[in-house]
Amino acid sequence: MSKFNRGLMKYYKYPNPEITDEEIATDYIEVDGNLALRQLSVLEQYDISSNVDLLLMDQPFEYEEEIIAYSDTDDFVPIPIEADEFNAVWERHLQRNEVRWNTAKKSFPINTPVVGCIAIFFPQGVIVELGERIFGVTDYVQARASASADFIMRTGRQISGIVTGYDETNQWIHLGSPQIHADKNCDPQIWRLPS
């Protein structure tokens, strides 16, 4: 069950010249209040996304402040769009990744114990790298409760859990019963562009 109310979401798109030197991407972003939940940079040959590449705005998205910041240029101003436009682009992105996602679900059936690496913290929870471009998500509070009181939550720690289901919207594997292994470090491999 999502803790976000999809009916109150706002959606924007804007050109982003910072992704590559060769072309300007079009960025699409879904915002709950001022919190980015899904983001997608669309390029001609591939997408860079919050669900596969873990690219998500980590600062509050304030539409009015974005307009002021870019008031001297018309080129990079976020434009409000309808949910249908965002969802159509997101669905196309999911279809591009369908083979990877179906393989991930076959590799990680429900009730399977898994071990992964804490990759990043998103509004949806702790994102766990389970394999190359395969991610799980688990509850932050439950994960935090599995470690000692003096443990500092950070990326690069090993975490285990049980596969409890699948998040089809983000193509993530739901992990229950998270257990952080504070004495075991790992190296998330998420910071790479698709080939």
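The values are calculated or read from the model by the stated rules, or taken from the named source; none is laboratory data. Since this is a predicted model, take the numbers as computed values, not measurements. With ideal geometry, Cβ positions are generated from the backbone for all residues, glycine too; neighbour counts draw on all protein chains shown.
Is it the case that Asp187 is part of a strand (DSSP E or B), at pLDDT below 90 and not polar (S, T, N, Q)?
Against the criterion (part of a strand (DSSP E or B), at pLDDT below 90 and not polar (S, T, N, Q)), Asp187 does not qualify.
Counting just the residues of segment 1-46 that are of a type in the set (Ser, Thr, Tyr) and part of a strand (DSSP E or B), which one comes out modelled with the lowest pLDDT?
Tyr14
Go over the candidates Asp139, Asp150 one by one and state the one that is closer than 22 Å to Leu37 by Cβ, of a type in the set (D, E, K, R), without any contact (Cβ under 8 Å) to a residue 60 or more places away in the chain and outside the structural domain of Ser50 (by TED's automatic domain parsing).
Asp139
Per-residue answers, yes or no, for (1) in contact (Cβ under 8 Å) with a residue 60 or more places away in the chain; (2) within 12 Å of Val126 (Cβ to Cβ):
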residue	(1), (2)
Asp167	no, no
Gln171	yes, no
Ile180	yes, yes
Lys184	no, no
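Just to be sure I understand, how many residues within segment 135-151 are within 19 Å of the chain's Cα centre (by Cα) and either part of a loop (DSSP other than H, G, I, E, B) or farther than 19 Å from Ser177 by Cβ (or both)?
Going through segment 135-151 one residue at a time, the tally reaches 1.
Could you figure out which of (1) free of Cβ contacts under 8 Å to residues at least 40 places away in the same chain; (2) within 18 Å of Thr164 (Cα to Cα) isn't true of Ala104?
(1)
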